[in-house]
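The values are calculated or read from the model by the stated rules, or taken from the named source; none is laboratory data. None of these values were measured; they are calculated from a predicted model. Don't worry about glycine lacking a Cβ; one is built from the backbone with ideal geometry, like all the others, and counts go over all protein chains shown.
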Amino acid sequence: MSVAIAANPDAAIHAATRLKGITFVSPGEELTCLGEFPLDHLDYSLVNLDTKVAGEVLDTLRLWGVRSFADCAALPVAGVSERLGQEGIRLQQLAAGKTERHLKVKQPDPVFTYSTELEDVLTELEPLSFIFSRLLQQLCAALNAYALATNELCLKMQLENHTTHERKLSLPHPMREYKVLLRLLLLDTEMHPPQAGVTTVSIACEPVKPRVLQNGLFVPLAPAPDKLEVTLARLAKLVGEENIGSPALLDTHRPDAFTINRFTLPTNPDAGKRRRTRQSPVGNKQCLGFRMFRPPLRAVVEAEQGWPTQISAWGKQRSVYGKVVNVAGPWRTTGDWWRDGWARDEWDVMIQSRNNAEQALYRIYRELNTNTWFVEGNYD
């Protein structure tokens with residue numbers, strides 16, 4: 001094994017590759033050690049020269065009678081620069097051991113996983129919160145050091161019954177405030193507690209670039225994303241995760257069919273701007289507003305030859321009674337026969353109250369599977 005120590009890293013590399021044993025090169029004495037090395041052993045890759053370019057320069061030096069490192073270093077710098085350019089200067093400095101190249105220390109890959117093994121088994125949330133806080137502080141400090149954030153937090157706990165409790169929190173936007181992450185983690189642990197005592201806690205995250213958003217001067221301020229996420233987590237703890245979110249219509253003809261998606265703030269700052277263009281009615285027809293009853297009112301309907309003539313419906317907050325004086329329909333809609341098939345006939349009816357004081361327009365429907373009538377709502 002050969003080892004060389006020098007003030008210049010390139011000189012140390014040449015000495016270690018050509019000399020055996022341990023070599024120490026004093027500063028300023030590089031040519032004393034390297035001067036007799038043949039020019040063919042000059043490692044031009046150390047100064048980032050292309051093989052073709054370096055070969056042309058070395059061939060020119062051989063034609064000049066240059067055979068060693070010392071011969072190359074003894075050439076006049078001005079002449080080398082005029083005839084060989086900057087490539088020749090770099091090779092001459094390399095042969096003289098006078099290159100200026102800083103060592104590039106390889107940084108270890110960033111670690112965004114922190115864990116701790118507990119001395120005692122923990123079964124309560126309060127002592128676990130101290131462990132979560134310490135690990136999250138270390139995690140957020142690492143994210144800050146690399147100017148990163150996270151949108152996914154992974155919690156892994158080893159239990160005393162030799163099982164693993166894992167939870168993954170998907171955040172609506174990148175964040176790195178450990179207090180906010182701690183609240184979210186504690187709320188999630190309260191909703192999904194481990195089934196046994198905890199012996200080891202590990203927290204990891206997925207690093208991403210932080211969110212940068214420039215709001216307009218005339219755009220109303222939206223709620224802070226971190227505070228909103230904590231509020232949604234608290235509501236999910238009270239009413240259930242499946243009941244918190246943003247409603248979205250389903251791609252179906254089934255009336256009033258929707259699902260609940262995870263609520264996220266829009267990333268486009270122009271998404272919150274109101275359109276100032278006034279929506280005109282379709283054509284020249286007047287549009288009626290429809291007010292739905294939730295839930296629809298169970299009704300008793302008298303019908304003659306399939307046409308409703310009298311309606312009686314009741315509910316906790318409203319009721320509908322009267323004679324049908326005008327009717328339109330029916331319109332039959334069906335779907336989802338492969339799962340929970342539904343089918344119903346819809347009618348628009350004009351109902352006159354018993355005292356003939358007023359008339360109102362309602363929509364009613366009959367479920368064909370159960371032959372049950374409902375009042376779905378009224379038109380304004």
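Could you count how many residues in the range 74-112 are in contact with a Lys or Arg (Cβ under 8 Å, 6 or more places away or on another chain) and closer than 11 Å to residue 39 by Cα?
0
Report yes if residue 303 is at pLDDT 85 or above and of a type in the set (Gly, Ala, Ser), otherwise no.
It is false that residue 303 is at pLDDT 85 or above and of a type in the set (Gly, Ala, Ser).
Could you tell me which residue of the range 141-183 is surrounded by the most Cβ atoms within 10 Å (Cβ to Cβ), considering only residues that are over 16 Å from the mean Cα position of the chain (by Cα) and of a type in the set (A, V, I, L, M, F, W, C)?
The qualifying residue surrounded by the most Cβ atoms within 10 Å (Cβ to Cβ) is 157.
Please pick out the residue among 279, 317 that is loosely packed, with under 10 Cβ neighbours inside 10 Å, in the same structural domain as residue 352 (by TED's automatic domain parsing) and either modelled with pLDDT under 80 or of a type in the set (Ser, Thr, Tyr) (or both).
317
Pairs under 6 Å by beta carbon, first residue assigned by TED's automatic domain parsing to the domain that holds residue 344 and within 27 Å of residue 291 (Cα to Cα) in the range 234-262, partner surrounded by 10 or more Cβ atoms within 10 Å (Cβ to Cβ) and not aliphatic (A, V, I, L, M), six or more apart or different chains?
none
Has the range 288-308 got at least one residue that is in a loop (DSSP other than H, G, I, E, B), farther than 16 Å from residue 256 by Cβ and among the charged types (D, E, K, R)?
Scanning the range 288-308 turns up no residue that is in a loop (DSSP other than H, G, I, E, B), farther than 16 Å from residue 256 by Cβ and among the charged types (D, E, K, R).
Answer yes or no as to whether residue 23 is touching a strand residue (DSSP E or B) at 6+ places or on another chain (Cβ under 7 Å) and of a type in the set (S, T, N, Q).
yes
Considering only the range 53-104, state which residues are touching a residue at least 12 places away in the same chain (Cβ under 8 Å) and in a loop (DSSP other than H, G, I, E, B).
Within the range 53-104, 66, 67, 75, 97, 98, 99, 101, 103 meet the criteria.
Search the range 6-58 for residues being more than 14 Å from residue 94 (Cα to Cα) and in contact with a helix residue (DSSP H, G or I) (Cβ under 6 Å, 6 or more places away or on another chain), and hand back the single one that is surrounded by the fewest Cβ atoms within 10 Å (Cβ to Cβ).
Among residues in the range 6-58 that are more than 14 Å from residue 94 (Cα to Cα) and in contact with a helix residue (DSSP H, G or I) (Cβ under 6 Å, 6 or more places away or on another chain), the one surrounded by the fewest Cβ atoms within 10 Å (Cβ to Cβ) is 53.
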